[in-house]
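Single-structure report; data block below.
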Amino acid sequence: MIRITDRIALDEREISESFMRASGPGGQNVNKVETAVQLRFDVRRSPSLPDPVRERLTRLAGSRLTDDGVMILTAQRFRSQDRNRQDALERLIALIRKAAEPPPPPRRPTRPTLAAKRRRLEGKTRRASIKRSRGRPAED
């Protein structure tokens, strides 16, 4: 079991990994060793995820989610297969943790207090008098 939060834990069997050759520089290592990892996780059919978390994760996944509801994460940052596996799993856990956070409550609009209104108007009056004093001196 992979612990995500106190209430959410994923079964390792829900995650499938496939390996492929990584793209980019790396010489012979890139040409002959399958170091890149493609991690697949079925978001829609996972029994480990509560419905609200599943909905938020679907939104967070964006283009990484297929039409079937499978999230695909590709990791090829590192030169070793094991490190790329860890990287892909860490990214999956981070996404699920972010989806597990409840959204903040909607903002309730508030009105300024009477004292705040008075302070604002006093400041405007003070500023106006400073600007008025910059004018030409009055002639007698």
Consider Arg45 against the criteria (1) surrounded by 14 or more Cβ atoms within 10 Å (Cβ to Cβ); (2) in contact (Cβ under 8 Å) with a residue 12 or more places away in the chain; (3) closer than 25 Å to Met1 by Cα: it satisfies all of them except one. Which criterion is unmet?
-> (1)
So Arg56 clears everything in (1) in contact with a strand residue (DSSP E or B) (Cβ under 9 Å, 6 or more places away or on another chain); (2) buried (at least 18 other Cβ atoms within 10 Å of the Cβ); (3) of a type in the set (D, E, K, R) except one condition, right? Which one?
-> (1)
By residue number, the members of region 1-36 that are among the hydrophobic types (A, V, I, L, M, F, W, C), exposed (fewer than 12 other Cβ atoms within 10 Å of the Cβ) and either touching a helix residue (DSSP H, G or I) at 6+ places or on another chain (Cβ under 6 Å) or at pLDDT 75 or above (or both) are Met1
Result of the Cβ filter at 7 Å on region 68-79, keeping first residues that are more than 11 Å from Arg40 (Cα to Cα) and surrounded by fewer than 16 Cβ atoms within 10 Å (Cβ to Cβ) and partners that are charged (D, E, K, R) and at pLDDT 85 or above, at least 6 apart or interchain, is Arg77/Asp87
Pick out the one residue from Ala115, Ala99, Ala138 that is of a type in the set (A, V, I, L, M) and surrounded by 12 or more Cβ atoms within 10 Å (Cβ to Cβ).
-> Ala99
Part of a loop (DSSP other than H, G, I, E, B) and farther than 30 Å from Ile15 by Cα - does that describe any residue in region 77-89?
-> no
Which condition does Leu57 not pass, out of (1) in a strand (DSSP E or B); (2) farther than 19 Å from Glu17 by Cα, if it passes all the others?
-> (1)
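The values are calculated or read from the model by the stated rules, or taken from the named source; none is laboratory data. It should be emphasised that the depicted structure is a prediction, and the values quoted were computed from it without experimental measurement. Glycine gets a Cβ as well: all are built from the backbone with ideal geometry, and neighbour counts include every protein chain shown.
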